[in-house]
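To keep things clear, I will list the structure first and then write my remarks on it.
The values are calculated or read from the model by the stated rules, or taken from the named source; none is laboratory data. None of the values given here were measured: they were computed from a predicted structure. Cβ coordinates were reconstructed from backbone atoms using ideal geometry, including for glycine residues, and neighbour counts include every protein chain displayed.
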Amino acid sequence: MGGQPGIMAQNENVLVDTSIWIDYFRGNKTTGVLALKKLLDDDAPILICPPVLQEILQGINSDPDYIEIKNILLNFDILQVDPVEAAIGAADLYRNLKKKGITIKRSYDCLIAYYAIYFNISLLHNNKDFNLIAEKSKLLIYE
């Protein structure tokens, strides 16, 4: 599994969190969106995981937007882990963090973090809970 929290080297795989994709599709110009655009311009390997795919798609109200965004996202590599293994890994991560005094608000964040830790890849995000997770786990943050 992963290494210590830190900055990722340039041309490695990056898991992009829902928080960045939502800002990206809304046309927001956040630091995270600018980092995603640079990764896209550099043709860097961008990854998503099933929880991110679900979170993005379930929030889209318009059918044409849903189809368009789904097709865009399905062009990226999607990380695959056995669902039972991922559920247990995310639960273990959540419980270990709680023992260290950190309670993560959304359990899906532990599931997304688990994918990044499992594959030892950095996570690009705009969600402070991931920084807390990285402080007490092997989650790598893309900066």
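Out of everything in the range 112-121 that is of a type in the set (Ser, Thr, Tyr) and buried (at least 20 other Cβ atoms within 10 Å of the Cβ), what residue ends up being farthest from LEU15 (Cα to Cα)? Applying the filter and picking the extreme gives TYR114.
If the condition is being part of a loop (DSSP other than H, G, I, E, B) and touching a residue at least 24 places away in the same chain (Cβ under 8 Å), then the range 95-107 contributes LYS100, ILE102, ILE104, LYS105. When ASP41, ASP77, ASP109 are checked against the criterion of being surrounded by 14 or more Cβ atoms within 10 Å (Cβ to Cβ) and charged (D, E, K, R), a single residue qualifies: ASP109.
Here is a yes/no grid of residues against (1) under 18 Å from GLU12 (Cα atoms); (2) aromatic (Phe, Trp, Tyr):
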residue	(1), (2)
ASP43	yes, no
ILE72	no, no
ALA90	no, no
TYR94	no, yes
LYS136	no, no
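Could you tell me whether any residue of the range 17-36 is surrounded by 20 or more Cβ atoms within 10 Å (Cβ to Cβ), part of a loop (DSSP other than H, G, I, E, B), modelled with pLDDT of 95 or more and on the phi < 0 side of the Ramachandran plot? Checked against the condition, which is being surrounded by 20 or more Cβ atoms within 10 Å (Cβ to Cβ), part of a loop (DSSP other than H, G, I, E, B), modelled with pLDDT of 95 or more and on the phi < 0 side of the Ramachandran plot, the range 17-36 yields at least one hit. The set of residues in the range 38-59 being outside any helix (DSSP H, G or I) and free of Cβ contacts under 8 Å to residues at least 40 places away in the same chain consists of ASP42, ASP43, ALA44, PRO45, ILE46, ILE48, GLY59. Of the residues making up the range 122-143, those that are more than 10 Å from the chain's Cα centre (by Cα), buried (at least 22 other Cβ atoms within 10 Å of the Cβ) and among the hydrophobic types (A, V, I, L, M, F, W, C) are ILE133, ALA134, LEU139, LEU140.
Yes/no per residue for (1) in contact with a Phe, Trp or Tyr (Cβ under 6 Å, 6 or more places away or on another chain); (2) in a helix (DSSP H, G or I):
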residue	(1), (2)
ASN61	no, no
ASP65	no, yes
LEU93	yes, yes
ASP109	no, yes
ILE112	no, yes
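Condition check for ASN13 on (1) out of contact with any Pro (no Cβ under 8 Å at 6 or more places or on another chain); (2) modelled with pLDDT under 95; (3) surrounded by 13 or more Cβ atoms within 10 Å (Cβ to Cβ): one failure, at (1).
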